[in-house]
Amino acid sequence: MLSSEPKTTAPSSVTQTAAPVSDAGLTMELLELELSLDGFTTGPDGFAAHVRAAASAIDGAFLFELPASGLIDDCDRIAVLRIPQQNGGAAMATIFACLETDGATIRIETPDEKTADLKNFAEAFVDVLQRI
């Protein structure tokens, strides 16, 4: 290369990806919730109480719990939660806390096509409670 030619630099091999805009408001609340659920040791009988306490700690709401019945893979029970979308905001998001079939692990799932009806039911449930 001649000294008069402009120098080019190779592109960096490090890439950063941002969270999708739709999930950006949930990041901190989901992290806090997942950390709270991480210490689960009480087994299937303590699932609802543990999830309820974790949701309450982030100003979320435990709506109800039901058997998974094959709705979500590798899941025995589903707790339906509403959590704040943004710090201090009034908007809430519906998510699911799933007790895995081993009875010892809880994971968070967001609604998808397979669970859209459960999400819609949960939102209708909230609507009814707000009208009472």
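Values quoted throughout were computed directly from the atomic coordinates according to the rules given, and no laboratory measurement underlies them. This is a predicted model, so every value here is computed, not measured. Quick reminder, even Gly has a Cβ in these numbers, built from the backbone with ideal geometry, and neighbours come from all protein chains shown.
What the phi angles of the range 122-132 give under the Karplus curve with 6.51, -1.76 and 1.60, with θ = phi - 60°, is a coupling list of 4, 5, 5, 4, 4, 4, 5, 4, 5, 7, 6 Hz, glycine and proline written as x. Each part gets one Cα centre, and for the range 114-132 versus the range 67-107 those centres are 14 Å apart.
3J(HN,Hα) along the range 101-118: 4, 6, x, 10, 10, 10, 10, 9, 10, 9, x, 9, 4, 5, 10, 4, 5, 5 Hz, from the Karplus curve 6.51 cos²θ - 1.76 cosθ + 1.60 with θ = phi - 60°, whole Hz, x for Gly and Pro.
If you take all other residues with their beta carbon under 13 Å from the beta carbon of Gln130, and give Lys and Arg +1 and Asp and Glu -1, the sum is 0.
So what does log10 I(q)/I(0) come out to for the range 23-131 at q = 0.10, 0.17, 0.18 Å⁻¹, using the Debye formula with one equal point on every Cα and no solvent? The Debye formula, applied to the Cα set alone, gives -0.25, -0.76, -0.85.
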